[in-house]
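Q: A single structure is presented below for examination.
The values are calculated or read from the model by the stated rules, or taken from the named source; none is laboratory data. What you see is a predicted model, and the numbers here were worked out from it, not measured in a lab. Neighbour counts are summed over all protein chains in view; Cβ atoms, including those assigned to glycine, are modelled from backbone coordinates with ideal geometry. These area figures cover heavy atoms from the full protein model, side chains too; ligands, DNA and RNA do not enter into them. Shrake-Rupley method; radii C 1.70, N 1.55, O 1.52, S 1.80 Å.
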Amino acid sequence: MSKKIIYKENLGPFIKPCPGSPGRINCNYLIISPAMGCPYNCSYCFLNFYSKEKNICIFSNQEKMFQEFKDFINLNKNKLLRFGTGEFMDSLALKQLNDTNLKLIKFIKDKENVIIEFKTKSTNIDPFLNIEKQDNVILSWSLNPQEIIETEELLTPSLEERLNAIKKTIDYGYKVALHLDPIFMSEENLAKYLNLIDIIFKNIDSNKIAWFSMGGFRYTDELKLAILENSKNIKNYLAEEFIKCNDGKFRYPRYLRLKFYNLLGEKIKSKNPKIKLYMCMEDDFMWESIIWGKSSVTKCLHTKACLL
Ligand code: SF4
């Protein structure tokens, strides 16, 4: 059943630092949220339990959001600020937010220290192709093998549709970011992810990738319950072996995560060694154990040199 869109005031702050996870490498990312909720309903999405509000809520007091945005940027003129709108929603899936997105972009047009990332699985890129492109605007896509899209991201555009949207965005002059997250790290899926990397680089100019992230599927007790409650089919991925980590999240065993990050990371780097590759919500131990990034580990994404 499709979700309803409602308009409601946001009584809290619009800008929040990305919470990351205790003990994990944090990349000083800032979240700005014009809405909360998403029409796509991916089986593993934390939004399934995060809010009691089951509708998609677009915040009606957006003048407050723009004021906070302006004040924050003015207070931090000497720092590189990296914002993203895709934490509590898909950045582009709601056409109702097209104008808001364009206003955010316009606002940072001459702000060289500010970058904004729009993270999506959608193909709603036309608004961005009808304005002059900006180097401090990054459109980014989460990708998964088509077989996983068909079981876990049922309502989203296919891999092929997403890749076409990425190509158009690059052809227009934007840089893009790519996220393999969540990666479902069962042994049988490894070949699918290696193949996905081949498909990506067959279709996309690697020099236009601003950054590339990988993150294994992880969950909390609350998310596991929400997945089980929302799924009509048994989720085999929950039956894999998981270990409770010291931040309270369950992750695949370390040896398996390392195997995936190394094999996928090496393959990505073999396509273009200059790609800025990082892992999402992993600890120091994992960063020290990976073999693909010893000389160019992109642990920290908040230095300007790293991004542009
Ligand atoms: S697209 Fe992202 S925000 Fe939307 S349901 Fe899927 S994981 Fe959640």
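Q: HN-Hα J couplings of the stretch 157-172 from phi, Karplus 6.51/-1.76/1.60, θ = phi - 60°, integer Hz, Gly and Pro as x?
A: For the stretch 157-172, the Karplus-derived couplings read x, 5, 4, 4, 5, 5, 5, 4, 5, 5, 4, 4, 5, 5, 4, 6 Hz, x marking Gly and Pro.
Q: Still on this structure, please answer the following. Let's test the formula: R0 of 35 Å, r as the Cβ-Cβ distance of Asn164 and Lys274. What FRET efficiency results, to the nearest 0.05?
A: That pair, Asn164 with Lys274, gives E of 0.90.
Q: At what distance in angstrom do the alpha carbon centres of the stretch 248-266 and the stretch 60-127 lie from each other?
A: A separation of 32 Å, based on Cα centres.
Q: For Lys119, what residues show an amide H to amide H distance below 5 Å, using hydrogens built from the backbone and excluding near sequence neighbours?
A: The list, which skips near neighbours in sequence, is Thr85, Gly86, Ser91, Ser140.
Q: Quote the FRET efficiency, to the nearest 0.05, computed for Lys235 versus Ile131 with a Förster distance R0 of 41 Å and r equal to the Cβ-Cβ distance.
A: 0.50
Q: Considering the alpha-carbon set of the stretch 96-172 alone, what are its Rg and its Dmax in angstrom?
A: Cα only, the stretch 96-172: 13.7, 42 Å (Rg, Dmax).
Q: D for the chain, whole µm²/s, Stokes-Einstein with Kirkwood Rh over alpha-carbon pairs at 4 °C and 1.567 mPa s: what number? Could the numbers behind the result be given before it?
A: Values: Rh = 20.0 Å.
Value of D from the Cα-based Kirkwood radius: 65 µm²/s.
Q: While we're looking at this one, here's another question. Placing +1 at every Lys and Arg Cβ and -1 at every Asp and Glu Cβ, with all other atoms neutral, what dipole size does the stretch 221-290 have around its Cα centre, in debye to the nearest 20?
A: 460 debye
Q: DSSP beta bridges in the chain, what fraction antiparallel, as a percent rounded to 5?
A: Values: 8 of 37 bridges.
Antiparallel: roughly 20 percent of the beta bridges in the chain.
Q: While we're on this one: First select every other residue whose beta carbon is under 14 angstrom from the beta carbon of Asn203; then total the charges, Lys and Arg +1, Asp and Glu -1.
A: Local net charge: +1.
Q: Still on this structure, I have one more. Can you run phi through the Karplus equation (6.51, -1.76, 1.60; θ = phi - 60°) for the stretch 150-155 and list ³J(HN,Hα) in whole Hz, with x for Gly and Pro?
A: These are the phi-based 3J(HN,Hα) values: 6, 9, 10, 10, 3, 8 Hz.
Q: Okay, moving on. Measure up Lys4/Lys95; Lys167/Lys271; Lys16/Lys111; Lys95/Lys276; Lys16/Lys269 against 23 Å on the Cα-Cα distance and list the ones that go over. Present the calculation step by step, with values, prior to reporting the outcome.
A: Details: Lys4/Lys95 14 Å; Lys167/Lys271 17 Å; Lys16/Lys111 20 Å; Lys95/Lys276 31 Å; Lys16/Lys269 32 Å.
Over 23 Å apart, Cα to Cα: Lys95/Lys276; Lys16/Lys269.
Q: If you don't mind, another one. If the limit is 18 Å between Cα atoms, which of Lys52/Lys103; Lys175/Lys274; Lys64/Lys109; Lys3/Lys235; Lys208/Lys274; Lys202/Lys259 go over it?
A: Lys52/Lys103; Lys64/Lys109; Lys3/Lys235; Lys202/Lys259
Q: In whole Hz and in residue order, list the ³J(HN,Hα) couplings for the stretch 45-56 that follow from phi through the Karplus curve 6.51 cos²θ - 1.76 cosθ + 1.60, θ = phi - 60°; x for Gly and Pro.
A: Per residue, the Karplus-derived 3J(HN,Hα) values read 6, 5, 5, 4, 10, 5, 10, 6, 6, 8, 7, 8 Hz.
Q: Same structure again: Dipole of the chain (Lys/Arg Cβ +1, Asp/Glu Cβ -1, origin at the Cα centre): which of Ile290, Phe49, Val114 lies farthest to the positive side?
A: Farthest towards the positive pole: Val114.
Q: At a 1.4 Å probe radius, carbon and sulfur cover how many percent of the accessible area of the chain?
A: 52 percent
Q: So how do Tyr261, Tyr29, Tyr7 rank on accessible area, 1.4 Å probe, biggest first, that is with the largest at the start?
A: Sorted by accessible area, descending: Tyr7, Tyr29, Tyr261.
Q: How much accessible area per residue does the stretch 152-272 have, counting only protein heavy atoms and a probe of 1.4 Å, in square angstrom?
A: 46 Å²
Q: Let me know the charge dipole size of the chain about its Cα centre in debye, to the nearest 20, where only the beta-carbon of Lys, Arg (+1) and Asp, Glu (-1) is charged. Don't skip to the answer; put the middle values down first.
A: Details: 45 positive and 37 negative charges, 119 e Å.
For the chain, the charge dipole is close to 580 debye.
Q: Continuing with this model, one more query. Can you tell which of Thr100, Leu75, Tyr7 lies farthest toward the positive end of the dipole of the chain, using +1 and -1 charges on the Cβ of basic and acidic side chains (Lys, Arg; Asp, Glu)?
A: It is Leu75, whose Cα lies furthest towards the positive end.
Q: About the Cα centre of the stretch 71-212, what is the dipole size in debye to 20, counting +1 per Lys and Arg Cβ and -1 per Asp and Glu Cβ, all else neutral?
A: The calculated dipole for the stretch 71-212 is roughly 720 debye.
Q: Could you check the simple spin-label distance between Gln67 and Lys192, using points 7 Å along Cα→Cβ, in nm with one decimal?
A: Each label point is offset 7 Å from its Cα along the Cβ direction, giving 4.8 nm.
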